[in-house]
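What follows is one structure encoded as structure tokens, with my remarks underneath.
The values are calculated or read from the model by the stated rules, or taken from the named source; none is laboratory data. Predicted model only: the values in this text are computed from it and were never measured. Cβ placement follows ideal geometry from the backbone for every residue including glycine, while neighbour counts extend to all protein chains displayed.
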């Protein structure tokens, strides 16, 4: 597989994530992650078994993503992808970017980790308000 093929496969993986999030299709979102994958936001890291509850609690809307910057390193890679989220009922915006790690699996490239960074009106960059999502944790 060429470098170009790897980049296109990862970009399509990220496009599937954005479309599935927009449609609220949690199963398709989970399918883009490696089995040991995780998502980080709100001051915490969530394993995949907590991801459906996290998505359920999140606002719904359009996930607009930009072309990612990807650094390949054999069967692993890192990347950053800009995001503009438009809430469906108010059209309020949330902007930021994902910092990702990817891994080549027998089923193709998958996200291993995805960490959200929000860009605030003040210009601050942060991972969100701690405990904005309580989930199933005690």
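A few notes on this one:
- The number of residues in segment 1-16 that are within 17 Å of residue 99 (Cβ to Cβ) and touching a strand residue (DSSP E or B) at 6+ places or on another chain (Cβ under 7 Å) comes to 3.
- Failed item, numbered, when residue 118 is tested on (1) outside any loop (DSSP other than H, G, I, E, B); (2) at pLDDT 95 or above: (2)
- Of the strands (runs of 3 or more DSSP E) lying entirely inside segment 21-96, the ones with 2 or more residues being modelled with pLDDT of 95 or more and touching a strand residue (DSSP E or B) at 6+ places or on another chain (Cβ under 6 Å) are found at 33-41, 61-65, 69-73, 76-87.
- Test for residue 44: is it closer than 21 Å to residue 126 by Cβ and more than 12 Å from the chain's Cα centre (by Cα): yes
- Yes/no for residue 64 being in contact with a helix residue (DSSP H, G or I) (Cβ under 8 Å, 6 or more places away or on another chain) and either surrounded by fewer than 16 Cβ atoms within 10 Å (Cβ to Cβ) or over 16 Å from residue 107 (Cα atoms) (or both): yes
- Residue in segment 101-111 that is part of a strand (DSSP E or B), within 15 Å of residue 39 (Cα to Cα) and either out of contact with any helix residue (DSSP H, G or I) (no Cβ under 8 Å at 6 or more places or on another chain) or free of Cβ contacts under 8 Å to residues at least 12 places away in the same chain (or both) present: yes
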